[in-house]
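A quick write-up on the structure given underneath.
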Amino acid sequence: MTVAALHDPDSTAETCLQLTGISKRFGSLHVLDDVDLSVRHGERRGIIGPNGAGKTTLFNVIAGELQPSSGKVHLYGREITRMPPHARARLGLARTFQTTTLLPGLTVVENLVLSLQALTPTRFQCFVPRTRYRAFREEALRLLAQVQLDHCADWLVRALGHGEQRQVEILMALAQRPKLLLLDEPTAGLSAADAVLVTDMLRAYHRDVAMVLIEHDLSVVFNVVERITVLHYGRVVAEETVEGIHDNPVVQEIYLGGKL
Amino acid sequence: MLRPWRNVAIIGVLLVLAIAVPRLGLPAFYVSLLTQTWIYGILAMSLDLLVGFTGLVSFMQAAFFGIGAYVVAIAATRYHFVDFWPTLVVAILLAAITAAAFGALALRAEDAGFIIITLALNEIVWGLAYQWVSMSGGDNGITGFLRVNVGPFHTTDNAGFYYLSLAALVVCLTLLVLMVRSPFGLVLVGTRERPRRMAALGYNVWLFRYLALIIAAMFAAVAGVLFAYYNEFVGPGSLSLDTTTQVLIMVILGGTGTLIGPLLGAGILVFLSNALSDITQRWVLILGAIYVVTVMYAPDGIVGLVKRLAARAQSRRELSLAASAPVTAASNPTRGPE
Amino acid sequence: MGNAFYLQNVLGGLAHGSLLFLIAAGFTLIFGLMRIINLAQTAFYLLGAYVGLSLGLHGVDFWVAGVAGGVAATVVGLAIYGIFLHRYHANPLTALLLSLGFALIIDDGSLAIWGGDPQSISPPRMFAESIHFGNLVFPEYWLALIVVSTVIAAGLLVFQQRTKFGAIIRAAVDDEEMTRGLGIDVNRAFYFVFALGAFLAGLGGYLGGPITSAYPGLDGELLPLAFAIVIIGGMGSLQGAFIASMIIGLVNTFGRALFPELSYFTIFLPVAIIMAVRPQGLFGRKV
């Protein structure tokens, strides 16, 4: 059974993310060209395309690190085109990065606590030791237990393996209780076994969280998402369900004319 | 995990020693040097909050130090206002307001730009102190004000001022330790290491840096107030590039990001420069050389060096224990808790 | 306060700006290429002033002494870079901290060798007179300095824009990794630029000497001006350094004439405006 059959998204669900006419130019270089994208609440979407297609740029526009040259970004109907990244996080957007960006000098728990306290007033608390905030630690341990990493809780993140670090990073994003999770090549640089860990984690996640995934490893994409958007030279050239993508001639051509 | 009880015990012993110093019959000179260490220690720790914890290499802490000092002097000589506590509050507030203005400008740039702007801003305050002669006395500075007794501390007496400074140090150190161990402190470290990630988590990185700058300025002002009373004189030298440089050296010598390190660094600098200046006129040169060597070979300062040596001794101990103990599947000395 | 006043201060300001440019040019080039904030830059200036002074007192020609001052600074600068700083290529913050230490060492070393008294430096005999133009009186040397500095600025610009080595430097500023990947010896460029920066500062020390004199602490006073210049001009930009040097020179001079109590503070104004309106400086790249 495919993922799509297991989790059939409610087609009447509200729109989570809406990109309209997003273009990004660097000088005369069009990195993104009139991109429209619509992701429903709880949907699992993959974005694929050859290198240089503009996938990461698209993410950076959605996340707020880049301003589009034209076009708009809406999150649950609210325009966020000009909002800085931290404001978008407050509205329920979370992301992971292509290279792991855990805080290296801190422990696993400390990393997760940073994520958990980010949207609470606790973050401004100057005079009470962190150890008093047991709830955060317990929540962190609970999250780690879900992926059998609770024994590493007080290790420095440096001591974790690559795949485990990536899992922690995804946990951090999920700890924000986002409504939309952007994952930038979550299995990049991982061994096959580690990639499975990550993929399983993503598949198991709650239906309330929409996920948009950039990936080069197509098997990962097919395992996790329901619909796929294909970018090529900054334009959307196809948008299909996972089954449909195999038969799409444009996509076949892009991927060297072979069958996917 | 740190062993808090051991640390508390060490601090307790040091505190008792510190309190005992004036009664040990040492020459008053040494008590003075320690007093200076406490005062500069507060300033150095305030810089460490920025450099070591927030990742902001600020060259303008001396400006806030100077503001604290000049508030005392100007209030006393111009406005005949000699109450300690209100003066202290005004000094802290003025430093905070200045930091709010300066921070807004300096944080418009990142990294190198930030450093350069803080230096420029510091020099502007220095320039004001140097040239606004009617207010600041210019190069001659301001004299004619005296120490005031504060609570139980009879500050006119060498030992009395020593205790006041020590008390201030203990209060500031406690507040700073609380701060770095608080959720806020964790955020600061996060913004230092991975600002992009922190923003993605929902933190307003600019705001936290801004707050850190203001808080550090307030501590610097406290040190400045004490400094003014200690010398019963204030001059533009207190906020000059020299002072900024010396405080930075204290932080680096001691070890950034440790709070105790900069306090240690303050002591080293105060005692060393006094000892050296007796032996040679070239103590600045020697200081510069020591500083260069430290930056190159002990970049995390003395505290860092001690930690590294201790860790090495610890792992050597563990390895020799492991070598003599039966091998178990669970033991893995290279992966594990800090 | 008639025209003579303004003209006098304009010329004085431009002259001051000219010597500041010689400091700022090296500062901005070193930063632009190597991302190193060289806190010893004004120490090089002072060193050049002192060395030139010593030679000048022994009868050496003014311009030769100036070049010698530049050379002395270059030698010291290359030693500092070659032995210490080049190792911290990946870590400009450490390089900055180190340059601070070296500034102290050069400072104190100069104090040891040349003593603590301010030393005045006479302009060269060919420009030792003053020009009288109606109410206006100013030293000829001001004009000479402005011309020399402008010529040097033009030369630097030509070098940067039109020579192969300049192109290498520009490429390395843009994308160092790529430039290395093309097989170009970028390290040579680093040494060259650092040496050039030191030379200009040292030369500037003696050429600017008739205006600033030479005394311990001069470097500390000039350093923030250099900083103000690169903030306004934009870090890494020669054009920016030139224009901003003139701006700061003028602001400083007029400030001292009009608001002697606040002149240092008046430098704050253009800096603050730039920070508020255009943080990358007039010619800086948008970071």
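The set of residues in segment A:216-245 being more than 12 Å from A:GLY49 (Cβ to Cβ) and in a loop (DSSP other than H, G, I, E, B) consists of A:ASP217, A:VAL225, A:GLU226.
Number of residues in segment B:174-188 that are β-branched (Val, Ile, Thr) and either facing chain A (nearest Cβ under 7 Å) or touching a strand residue (DSSP E or B) at 6+ places or on another chain (Cβ under 6 Å) (or both): the value is 1.
Remark: C:PRO139 matches the filter, which requires a residue to be at pLDDT 85 or above, in contact with a strand residue (DSSP E or B) (Cβ under 7 Å, 6 or more places away or on another chain) and surrounded by 13 or more Cβ atoms within 10 Å (Cβ to Cβ).
Quick one: would you say B:SER136 is farther than 30 Å from C:PHE227 by Cβ, polar (S, T, N, Q) and in contact with a helix residue (DSSP H, G or I) (Cβ under 8 Å, 6 or more places away or on another chain)? Against the criterion (farther than 30 Å from C:PHE227 by Cβ, polar (S, T, N, Q) and in contact with a helix residue (DSSP H, G or I) (Cβ under 8 Å, 6 or more places away or on another chain)), B:SER136 does not qualify.
Considering segment C:167-212 alone, what residues qualify as being small (Gly, Ala, Ser) and surrounded by fewer than 18 Cβ atoms within 10 Å (Cβ to Cβ)?
Passing the criteria: C:ALA167, C:ALA171, C:GLY181, C:GLY183.
For segment C:149-166, the set of residues classified as of a type in the set (A, V, I, L, M, F, W, C) and surrounded by fewer than 19 Cβ atoms within 10 Å (Cβ to Cβ) consists of C:VAL151, C:ALA154, C:LEU157, C:VAL158, C:PHE159, C:PHE165, listed by residue number. Of all residues in segment A:234-254, those satisfying the criterion of being out of contact with any strand residue (DSSP E or B) (no Cβ under 7 Å at 6 or more places or on another chain) and either loosely packed, with under 15 Cβ neighbours inside 10 Å or closer than 21 Å to A:GLN98 by Cβ (or both) are A:GLU243, A:GLY244, A:HIS246, A:ASP247, A:PRO249, A:GLU253. For segment B:187-210, residues that are touching a residue at least 24 places away in the same chain (Cβ under 8 Å) and more than 23 Å from A:LEU174 (Cβ to Cβ) total 6. Can you name every residue in segment A:103-132 that is at the interface with chain B (Cβ under 7 Å from one of its Cβ atoms), farther than 19 Å from B:ARG194 by Cα and either outside any helix (DSSP H, G or I) or aromatic (Phe, Trp, Tyr) (or both)? A:GLN125, A:CYS126, A:PHE127, A:VAL128, A:PRO129, listed by residue number.
Quick one: is B:LEU285 of a type outside the set (S, T, N, Q), in a helix (DSSP H, G or I) and under 18 Å from the mean Cα position of the chain (by Cα)? The answer is no for B:LEU285. Residue check: is C:ILE273 more than 8 Å from every other protein chain (Cβ to nearest Cβ), in a helix (DSSP H, G or I) and crowded, with 20+ Cβ neighbours inside 10 Å? So C:ILE273 fails the test. Against the test of being within 26 Å of B:LEU93 (Cβ to Cβ) and in contact with an Asp or Glu (Cβ under 9 Å, 6 or more places away or on another chain), the options B:ALA76, B:ALA62 yield a single qualifying residue, B:ALA62. C:SER122 meets each of the listed conditions (1) more than 14 Å from chain B (Cβ to nearest Cβ); (2) surrounded by fewer than 18 Cβ atoms within 10 Å (Cβ to Cβ); (3) assigned to a helix (DSSP H, G or I) apart from (3). Scoring B:ILE92 on the criteria (1) touching a residue at least 24 places away in the same chain (Cβ under 8 Å); (2) part of a loop (DSSP other than H, G, I, E, B) leaves a single failure, condition (2).
Considering only residues in segment A:62-86 that are more than 17 Å from the chain's Cα centre (by Cα) and aliphatic (A, V, I, L, M), the one that is surrounded by the most Cβ atoms within 10 Å (Cβ to Cβ) turns out to be A:ILE80. Taking segment B:1-52 as the range and being surrounded by 11 or more Cβ atoms within 10 Å (Cβ to Cβ), within 17 Å of B:MET179 (Cβ to Cβ) and of a type outside the set (A, V, I, L, M, F, W, C) as the test, the residues that pass are B:ASN7, B:GLY41, B:SER46, B:ASP48, B:GLY52. Kindly indicate whether any position in segment C:233-248 is at the interface with chain B (Cβ under 10 Å from one of its Cβ atoms), among the polar types (S, T, N, Q), in a helix (DSSP H, G or I) and within 23 Å of B:TYR130 (Cα to Cα). Checked against the condition, which is being at the interface with chain B (Cβ under 10 Å from one of its Cβ atoms), among the polar types (S, T, N, Q), in a helix (DSSP H, G or I) and within 23 Å of B:TYR130 (Cα to Cα), segment C:233-248 yields no hits at all.
Answer yes if at least one residue in segment B:261-276 is touching a Pro at 6+ places or on another chain (Cβ under 7 Å) and either within 29 Å of B:SER136 (Cα to Cα) or of a type in the set (Lys, Arg) (or both), and no otherwise.
Checked segment B:261-276: no residue is touching a Pro at 6+ places or on another chain (Cβ under 7 Å) and either within 29 Å of B:SER136 (Cα to Cα) or of a type in the set (Lys, Arg) (or both).
For segment B:69-81, indicate whether the set of residues that are in contact with a helix residue (DSSP H, G or I) (Cβ under 6 Å, 6 or more places away or on another chain), modelled with pLDDT under 90 and surrounded by fewer than 22 Cβ atoms within 10 Å (Cβ to Cβ) is non-empty. For segment B:69-81, residues in contact with a helix residue (DSSP H, G or I) (Cβ under 6 Å, 6 or more places away or on another chain), modelled with pLDDT under 90 and surrounded by fewer than 22 Cβ atoms within 10 Å (Cβ to Cβ): present.
Taken together, the residues in segment B:265-303 that are more than 14 Å from chain C (Cβ to nearest Cβ) and in contact (Cβ under 8 Å) with a residue 12 or more places away in the chain amount to 8.
The values are calculated or read from the model by the stated rules, or taken from the named source; none is laboratory data. What you see is a predicted model, and the numbers here were worked out from it, not measured in a lab. Ideal geometry is used to build each Cβ from the backbone, glycine not excepted, and the neighbour counts take in all protein chains shown.
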